[in-house]
1. At q = 0.13, 0.22 Å⁻¹, what log₁₀ I(q)/I(0) does a Debye calculation on the Cα points of the stretch 4-134 give, no solvent, two decimals?
2. What order do you get for 180-187, 13-20, 79-86 when each peptide is scored by the mean count of other beta carbon atoms within 10 Å, highest first?
3. Got the relative contact order for the chain handy, in percent, Cα pairs under 8 Å and 6 or more residues apart?
4. In the chain, which helices (entire DSSP H runs) extend 15 Å or more along their own long axis, judged by Cα positions, while averaging at least 0.0 on the Kyte-Doolittle scale?
5. Of all the accessible heavy-atom surface of the stretch 139-181, with the other protein chains kept in place and a 1.4 Å probe, what percent is carbon and sulfur?
6. Taking only protein heavy atoms and a 1.4 Å probe, what accessible area per residue, in Å², does the chain have with all protein chains in place?
7. What order, most packed first, do the peptides 112-123, 130-141 have when packing is the mean number of other Cβ atoms within 10 Å of each residue?
8. Quote the FRET efficiency, to the nearest 0.05, computed for residue 33 versus residue 115 with a Förster distance R0 of 30 Å and r equal to the Cβ-Cβ distance.
Amino acid sequence: MTAPVKIYGPVISTYVRVVQIVCEEAGLAHEVIPTAAHAPENRHPFGKVPLVEIDGLELYETHSIANYIDNAHNGGALQPADPAQRAVVERWISVGNSYLFPLFERGLVMPYIMHRYAKMDLDKARIAKALPDIAKTLSFLDLELQKDGAWTSAGFTLADIFLHCILRGVESTPEGGAGMAQMQVLPLWMASCRARPSIAATAWPGEQADT
Ligand SMILES: N[C@@H](CCC(=O)N[C@@H](CS)C(=O)NCC(=O)O)C(=O)O
């Protein structure tokens, strides 16, 4: 039996979940070894998570990990072969990692994590400052999805996995949940993701798979 993929990172983490979902898609057993980003035992050179052990390799940077698992163990099924379609998939992953995650994480998700889990005061000022940009960004994403109901014309891809995990953090906050609910197509696409077995199987503790 092949050893499970070892994913070092917190149990609730956007990028840990991306790797978990890709493992599920590829039919690979996986386990999370709870590791805080800045713990001394974390081997990511920039103090981020996750870091992954697979096939005797030690990999970091989620995009590279996801590509490796899909290419080595899933026949590349999550990446279209057509170069034009693949460019769009790569574009959305890049948009998610470069613009969406930093905006959502710093401005909304992290203040709630610090409040809920570290019992710190909720940083309302930080949230208030970020909300206009977050609202604008959700509207932009919704308009993009309204064009044809999907990020790409290639079916379910790595773009859906990255964007779902990034947007799930937003949706789990009161302001983010309310903002998402006002959108036309984003909630439908989120619901379709939740119905995917790989995404349902990796729901965060306390997260309802069907809500
Ligand atoms: N570029 C990294 C980003 C990973 C990342 O930002 N992970 C978050 C958790 S989801 C993290 O490490 N946060 C801790 C920090 O930034 O200090 C990747 O793609 O793996």
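1. Reported log10 I(q)/I(0), two decimals: -0.64, -1.30.
2. On the way: 180-187: 15.8, 13-20: 25.9, 79-86: 14.1.
So the order, starting with the most tightly packed, is 13-20, 180-187, 79-86.
3. On the way: 259 pairs, mean separation 43.8, N = 211.
Taking the mean separation of contacting Cα pairs over the length of the chain, I get 21 percent.
4. Numbers: long enough: 14-26 (18 Å, 0.66); 62-73 (16 Å, -0.59); 83-95 (18 Å, 0.11); 124-148 (37 Å, -0.11); 158-171 (19 Å, 1.19).
Membrane-span-like by this rule: 14-26, 83-95, 158-171.
5. Values: 790 of 1420 Å².
Using a 1.4 Å probe with all protein chains present, the stretch 139-181 comes out at 56 percent carbon and sulfur.
6. On the way: 10430 Å² over 211 residues.
Using a 1.4 Å probe on heavy atoms only, each residue of the chain averages 49 Å².
7. Numbers: 112-123: 12.7, 130-141: 15.9.
Descending packing order for the listed peptides: 130-141, 112-123.
8. The pair residue 33/residue 115 has a calculated efficiency of 0.70.
The values are calculated or read from the model by the stated rules, or taken from the named source; none is laboratory data. Note that the structure is a prediction, hence the values are computed from the model and not measured. Here the Cβ is made from the backbone with ideal geometry for all residues, glycine too, and neighbour counts use every protein chain on show. These accessible areas exclude ligands, DNA and RNA; they are computed on the full protein's heavy atoms, side chains included. Shrake-Rupley method; radii C 1.70, N 1.55, O 1.52, S 1.80 Å.
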